[in-house]
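One structure follows; several queries about it will come next.
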Amino acid sequence: MAAVLDAALSFFRKAEFTIDAEHPGDVVQRERLLDRAMGPGRKRKSSEAIRRGRVPAQGLALVARDLDGHVIGTVRLWHVEAGVGPDGAGIPALLLGPLAVDAAYEGKGIGGALMRAAITEAAARGHGAILLVGDPEYYERFGFFAEKAAHLVMPGPFERRRFLGLELKAGWLTGAAGLLVGTGTRLSHPGIAKVA
């Protein structure tokens, strides 16, 4: 994991949890956590259609672990094209999600720590913007606002007020309009798509 992420998270290593890069052995724990936190309808969301069959952006799949090493939180970011800009070229960005924390650990700052870690690492890796679908009441504290995604649409049903953007580089989403399209690396084994 990048040195920037390690430095930014040194505080959290002293807490009841740590933030770490997701490892292949975390898949089962992560999927069970997501099933509990988001319910059976989670795979029908528009954002899931973008992620399906793809791998997360390099270095941007993070987990929170309890002191015994169990996965108690997760966040992942995915490569997308955020419509096109005024010049007609596609605008590369990231789609954040899902973010989830085990209910037994809610209220301990884990979700916020995962968000800050994801944003810090995405910025350190040179990405220009992050988009997500979520409650503005929660995500605005991290700098996500509906205005940044006002002219973008998801590939399926979504609530306009919950489609939010954060520019990591000033003006990155200026003039962006159109459909969000997944652009990340595809899984090499179709059977793995169910757990990715």
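May I ask you to list the residues in the stretch 72-91 that are touching a Gly at 6+ places or on another chain (Cβ under 7 Å) and over 21 Å from Asp20 (Cβ atoms)?
His79, Val80, Glu81, Gly83, Val84, Gly85, Pro86, Ile91
Oh, and also: Under the condition of being within 22 Å of Arg186 (Cα to Cα) and small (Gly, Ala, Ser), which residue from the stretch 23-51 is modelled with the highest pLDDT?
Looking at the filtered set, the residue picked out is Gly25.
Quick check on my filter: what residues within the stretch 151-166 are out of contact with any Phe, Trp or Tyr (no Cβ under 6 Å at 6 or more places or on another chain) and crowded, with 20+ Cβ neighbours inside 10 Å? Steps first, please.
Step one: list which residues in the stretch 151-166 are out of contact with any Phe, Trp or Tyr (no Cβ under 6 Å at 6 or more places or on another chain), which gives 151-163, 165.
If the condition is that a residue be out of contact with any Phe, Trp or Tyr (no Cβ under 6 Å at 6 or more places or on another chain) and crowded, with 20+ Cβ neighbours inside 10 Å, then Leu152, Met154, Phe163, Gly165 are the ones that fit.
Please tell me if Gly165 is touching a Leu at 6+ places or on another chain (Cβ under 6 Å) and not aliphatic (A, V, I, L, M).
Numbers: touching a Leu at 6+ places or on another chain (Cβ under 6 Å): yes; not aliphatic (A, V, I, L, M): yes.
Considered against the rule, which asks whether it is touching a Leu at 6+ places or on another chain (Cβ under 6 Å) and not aliphatic (A, V, I, L, M), Gly165 comes out as yes.
Does Tyr138 satisfy the criteria of being touching a residue at least 40 places away in the same chain (Cβ under 8 Å), surrounded by fewer than 21 Cβ atoms within 10 Å (Cβ to Cβ) and under 19 Å from Gly39 (Cβ atoms)? Walk me through how you get there before you give the answer.
Numbers: touching a residue at least 40 places away in the same chain (Cβ under 8 Å): no; surrounded by fewer than 21 Cβ atoms within 10 Å (Cβ to Cβ): yes; under 19 Å from Gly39 (Cβ atoms): yes.
In short, no.
May I ask you to say which residue of Ala113, Ala124 is crowded, with 18+ Cβ neighbours inside 10 Å, of a type outside the set (D, E, K, R), farther than 19 Å from Phe163 by Cα and in contact (Cβ under 8 Å) with a residue 40 or more places away in the chain?
Details: Ala124 fails: crowded, with 18+ Cβ neighbours inside 10 Å.
Checking each option against the conditions leaves just Ala113.
Determine which single condition Val75 fails, assuming it passes every other condition in (1) among the β-branched types (Val, Ile, Thr); (2) part of a helix (DSSP H, G or I); (3) modelled with pLDDT of 95 or more.
Unmet condition: (2).
Give the stretch 29-58 a look and list any residue that's buried (at least 16 other Cβ atoms within 10 Å of the Cβ) and farther than 27 Å from Arg160 by Cβ, or say none.
Gln29, Arg30, Leu33, Val55
In a loop (DSSP other than H, G, I, E, B) and closer than 21 Å to Arg42 by Cα, is that true of Gly184?
Details: in a loop (DSSP other than H, G, I, E, B): yes; closer than 21 Å to Arg42 by Cα: yes.
When the stated conditions are applied, Gly184 passes them.
Filter the stretch 94-110 down to the residues that are surrounded by fewer than 22 Cβ atoms within 10 Å (Cβ to Cβ) and in a helix (DSSP H, G or I) and list them by number.
The answer is Ala103, Ala104, Tyr105.
Quick test for you: out of Lys169, Lys148, pick the one residue that is more than 16 Å from the chain's Cα centre (by Cα) and surrounded by 15 or more Cβ atoms within 10 Å (Cβ to Cβ). Spell out how you get there, then give the answer.
On the way: Lys169 fails: surrounded by 15 or more Cβ atoms within 10 Å (Cβ to Cβ).
The unique qualifying residue is Lys148.
Given Ile19, Ile91, which one is modelled with pLDDT of 90 or more, outside any helix (DSSP H, G or I) and within 30 Å of Gly178 (Cβ to Cβ)?
Details: Ile19 fails: within 30 Å of Gly178 (Cβ to Cβ).
Of Ile19, Ile91, the one residue that is modelled with pLDDT of 90 or more, outside any helix (DSSP H, G or I) and within 30 Å of Gly178 (Cβ to Cβ) is Ile91.
Let me ask something else about it. Just to be sure I understand, how many residues within the stretch 135-171 are in contact with a Pro (Cβ under 9 Å, 6 or more places away or on another chain) and part of a loop (DSSP other than H, G, I, E, B)?
The initial filter retains those residues of the stretch 135-171 that are in contact with a Pro (Cβ under 9 Å, 6 or more places away or on another chain), namely 144-146, 161-162, 164.
Add one more test, that the residue is part of a loop (DSSP other than H, G, I, E, B), and what stays is 144.
So the answer is 1.
Answer yes or no as to whether Leu99 is within 15 Å of Ala149 (Cβ to Cβ) and free of Cβ contacts under 8 Å to residues at least 40 places away in the same chain.
Values: within 15 Å of Ala149 (Cβ to Cβ): no; free of Cβ contacts under 8 Å to residues at least 40 places away in the same chain: yes.
So Leu99 does not fit the description; no.
The values are calculated or read from the model by the stated rules, or taken from the named source; none is laboratory data. This one's a predicted model, so the numbers in the text were calculated from it and none came from an experiment. Cβ: placed from backbone, ideal geometry, glycine included. Neighbour counts: every protein chain shown.
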